[in-house]
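No value in this document is a laboratory result; all are computed from the given coordinates. Values in this document were obtained by computation on a predicted structure and should not be read as measured data. Backbone-built Cβ (ideal geometry, glycine too); neighbour counts: all protein chains shown.
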Amino acid sequence: MLKMEGVQKIYRTDLVQTHALRSLSLEVEEGEFVAVTGPSGSGKTTFLNIAGLLETFDGGRYTLDGKDVSRLSDRERSKIRNVKIGFIFQSFNLIPDLNVYDNVDVPLRYRGLASGERDRRIKEALERVGLASRLKHLPSQLSGGQQQRVAIARALAGSPRILFADEPTGNLDSLMAREVMNMLEEINAQGTTIVMVTHDPELARRMHRNIHIMDGQASDFEDRSDAPVDRIAPRAAAAAPAVG
Ligand SMILES: Nc1ncnc2c1ncn2[C@@H]1O[C@H](COP(=O)(O)OP(=O)(O)O)[C@@H](O)[C@H]1O
Ligand SMILES: [Mg+2]
């Protein structure tokens, strides 16, 4: 599903160069639910942003869903991103003066989908995260856990093949964090590949595999084959036809 070989990213300012990724090589298989862990500043967010085609990189090769996406134009990148990729952030990134329904609608409008199709996707996604009765609420009228579920619905409404989450439970108490994690497990079980950065060892243990990033390199592939079988998602999605 996702393969990086020797990926490098250098942030340059007038004064300093930061090697955010030195030579990152890793692979994520279709249907996996993978945790990305590592100390602060090790390059986890940089990796996720490159993987999600939000950022470009300076060296190496990146293959996503069978296509070399190393050297694409901004336009080509955003086209793939809109159709194949969903993002969830620590800070939810909802628009404060739009209600729940309209927040989920934003990326669908951006994709230019017809209103009937958008309406169907919005309601279905909010149903999946248990917020079908909150369509008219503003983000400020919801708990943190509910806001993150709106953000998950917004990502799901685009029917992504892969979901990237950057510390999605970082702003939540442990009860809400577990609720969001349960939801992500359910989404993964229904076929969506998920790559999630987390600091929470309890959550990381629940995933199929941990990739540890250290100093801009994936230094450690921890095999989670000892995980209980019922936590391994069905690989049925691998047989499904590719969309987009
Ligand atoms: N936009 C940026 N400009 C300059 N340096 C950056 C930028 N984003 C990240 N960095 C640097 O790159 C390194 C990796 O950052 P990041 O990927 O955010 O780490 P993590 O998510 O693991 O905490 C850090 O040293 C950080 O300061
Ligand atoms: Mg980060």
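Quick look at the values:
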| read-out | value |
| --- | --- |
| Selected from SER73, ASN99, SER115, residue furthest toward positive end of dipole (the chain; charges at beta carbon) | SER115 |
| Model label zone, GLU202; criterion: amide N under 17 Å from point 7 Å along Cα-to-beta-carbon; scope segment 136-153 | 145 |
| Gain upon complete extension [ASP68, GLU117; 0.36 nm per residue less C-alpha separation] | 14.6 nm |
| Chain lengthening between ASP215 and GLU186 when straightened (0.36 nm per residue, less Cα-Cα) | 7.2 nm |
| Computed [θ] at 222 nm, helices only, for the chain once each DSSP H run of length n ≥ 4 contributes -39500 (n - 2.57) | -9500 deg cm²/dmol |
| Cα-centred dipole magnitude for the chain, charges only on beta-carbon of K, R (+1) and D, E (-1), debye, nearest 20 | 760 debye |
| Considering only segment 156-221, percent of DSSP beta bridges that pair antiparallel, nearest 5 | 45 percent |
| FRET E, pair ASP97, SER23, Förster distance 41 Å, beta-carbon r, rounded to 0.05 | 0.40 |
| Principal axis dimensions, the chain - Cα atoms, whole angstrom, descending | 46, 42, 41 |
